[in-house]
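**Student:** Provided herewith is a single structure, encoded as structure tokens, for subsequent inquiry.
Since every read-out is calculated from the coordinates, none of them should be taken as a lab result. These numbers were taken from a predicted model, which means no experiment stands behind them. As a convention, Cβ positions derive from the backbone with ideal geometry for all residues, glycine included, and neighbour counts pool all protein chains shown.
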Ligand SMILES: Cc1cc2nc3c(=O)[nH]c(=O)nc-3n(C[C@H](O)[C@H](O)[C@H](O)COP(=O)(O)OP(=O)(O)OC[C@H]3O[C@@H](n4cnc5c(N)ncnc54)[C@H](O)[C@@H]3O)c2cc1C
């Protein structure tokens, strides 16, 4: 089949590659100049199936309200919530019910487990050399945090996820550079989790797609998808027409993105047998004219990336792998000769506006745990938008519009879920029975 994939973040790139492996003739459209330029650019890189969980969880509302107004709150609402955000929050709150959360979490865990296996297989088969390390250590600062984690741990045990609850001394053996003066009550160690550089992986797949002759249409914004129907009484669906226009391939385009305007107008139309929409938050605008309303919400977060101090002389200084500070919901990741610290969840506001409080929290958490690992003055700051659906699982599969397929809405776990989601899409297009239950990922669950 001739298939167009729209969006070249980690989800689109892995989808294009999986479809290519299935023998399809793939074209990849991306409005920016390369792959992994938006949400996939500088995320924390954590792939821990046991911690891939819906944001909509029992007790979450109480946690959010408990931190309300604090400068270091993990979740913030910027300004007054819009009508769309209020409607999204309502759906999110309803999905916090255990009857919704438990099956959603189990489905996401199953997909993340499959995804990690596929990520490892691909990196081996294609010899992808990217910054990566094994293990996630969740840091619990107090007795209260340890007690609060018990219900989640029971669920992990039920779902057969390998983890150990360890005391502070063992935490310091796993991560010897942890600062001794910061109070640490206990840790949860997930030895089979991984941390890896998502953008490097996406760039390696881009090179593979190029090598295999896939047309990569960078600086090409898809504006419209039009189902093509046969003439005659039955009006059978015959494919999808993709209308796109060329975007100026330079710094000018960054300005155009923030303004929501175009800079050049070369229009192009091409017909495909099928289209897979992997356009994250922008998927909503592409799908609405087709009668699909995906309730996607930007949940902004920040990361700082710093070079490890004296890396040449002491490459083992600083964190070895991934850590999560449970109190602040901040991840600390080792990526080669750099440390990345990521967190914060901001609803509303603009991607281009950086708030100082969440960035200060990232610096503070790094200072608490690894005060001498990196040079704070050399931090690169990034803000990204997690494409979040209210109940948690991404939307993967048939859209309900003939020949239009979806792979979008991966929220805070797009890297951890990408390779598995791509496999599900490839199975669906090929008509193969899926190797797992996909009901919780159906895009049709949002139909009114
Ligand atoms: C601070 C932070 C930390 C995170 N940490 C982790 C983590 O540790 N582990 C994890 O698994 N996930 C993490 N995430 C989430 C993860 O980064 C996202 O889920 C993932 O990057 C989403 O990938 P995507 O391909 O769907 O979106 P994107 O990377 O945003 O890609 C979508 C692409 O579609 C393109 N596009 C959109 N519309 C069009 C159009 N009309 N025409 C052409 N192209 C179009 C866009 O330009 C973009 O490149 C984190 C996110 C943030 C913000």
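**Student:** List the relative contact order of region 326-429 as a percent without decimals, with contacts defined as Cα pairs under 8 Å and 6+ residues apart.
**Tutor:** 17
**Student:** Ratio to report: Rg/Rh of the chain, with Cα atoms as the point set and Rh obtained by the Kirkwood method; give two decimals.
**Tutor:** 0.96
**Student:** Quote the Stokes-Einstein diffusion coefficient, in whole µm² s⁻¹, for region 304-380, based on the Kirkwood radius over alpha carbon pairs, a temperature of 10 °C and a viscosity of 1.306 mPa s.
**Tutor:** 123
**Student:** Springs between alpha-carbon atoms under 10 Å, Gaussian network over the chain: tell me which of 378, 185, 224 tops the mean-square fluctuations.
**Tutor:** Between 378, 185, 224, it is 378 that shows the largest mean-square fluctuation.
**Student:** More than 16 angstrom separation, counting every C-alpha pair in region 6-73; what % is that?
**Tutor:** 67
**Student:** Rounded, prolate or oblate: pick one for region 19-118, where a ≥ b ≥ c are the square roots of the eigenvalues of its C-alpha gyration tensor, a/c under 1.5 means rounded, and failing that, prolate if a/b is larger than b/c, else oblate. Show your work: numbers first, answer last.
**Tutor:** Details: a/c = 2.08, a/b = 1.50, b/c = 1.38.
The shape class here is prolate.
**Student:** Which whole-number percentage describes the relative contact order of region 1-141, with Cα contacts under 8 Å and a sequence gap of 6 or more?
**Tutor:** Reported relative contact order: 22 percent.
**Student:** Turning to a different aspect of this structure: Based on alpha-carbon centroids, what's the gap between region 18-56 and region 375-448 in Å, whole number please?
**Tutor:** What the calculation gives is 9 Å, centre to centre.
**Student:** As a check on your grasp of the helix formula, calculate [θ] at 222 nm for the chain: sum -39500 (n - 2.57) over DSSP H runs of n ≥ 4, divide by the residue count, round to the nearest 500.
**Tutor:** Helix contribution divided over all residues of the chain: -10000 deg cm²/dmol.
**Student:** What fraction of the Cα pairs in region 115-254, stated in percent, has a spacing above 20 angstrom?
**Tutor:** For region 115-254, the share of Cα pairs beyond 20 Å comes to 70 percent.
**Student:** I've got another one for you. Please report the relative contact order for region 161-248, taking Cα pairs under 8 Å with a sequence separation of at least 6, and give it as a percent rounded to a whole number.
**Tutor:** Reported as a whole number, the value is 21 percent.
**Student:** I want to check the label-to-label distance for residue 337 and residue 157. Put each point 7 Å from Cα in the C-beta direction and report it in nm to one decimal.
**Tutor:** Going by the 7 Å Cα→Cβ label model, 4.5 nm.
**Student:** Per q in 0.16, 0.18, 0.22, 0.26 Å⁻¹, report the Debye log10 I(q)/I(0) for region 133-190, using one uniform scatterer on each alpha carbon and no solvent.
**Tutor:** The calculated log intensity ratios at q = 0.16, 0.18, 0.22, 0.26 Å⁻¹ are -0.49, -0.61, -0.86, -1.10.
**Student:** Moving on to the next point. In the Gaussian network model of the chain, springs joining C-alpha atoms below 10 Å, which of 416, 157, 106 carries the largest mean-square fluctuation?
**Tutor:** Looking only at 416, 157, 106, the biggest GNM fluctuation is shown by 157.
**Student:** I'd like the distance between the alpha-carbon centres of region 165-229 and region 88-130, rounded to an integer number of Å.
**Tutor:** If you average the Cα positions of each part, the centres end up 13 Å apart.
**Student:** Here's another thing I want to ask about it. Output needed for region 357-448: three equivalent-ellipsoid semi-axes, defined as square roots of 5 times the C-alpha gyration tensor eigenvalues, in descending order, whole Å. Before the final figure, lay out the partial values.
**Tutor:** Working: eigenvalues 295, 42, 24 Å².
The answer is 38, 14, 11 Å, longest axis first.
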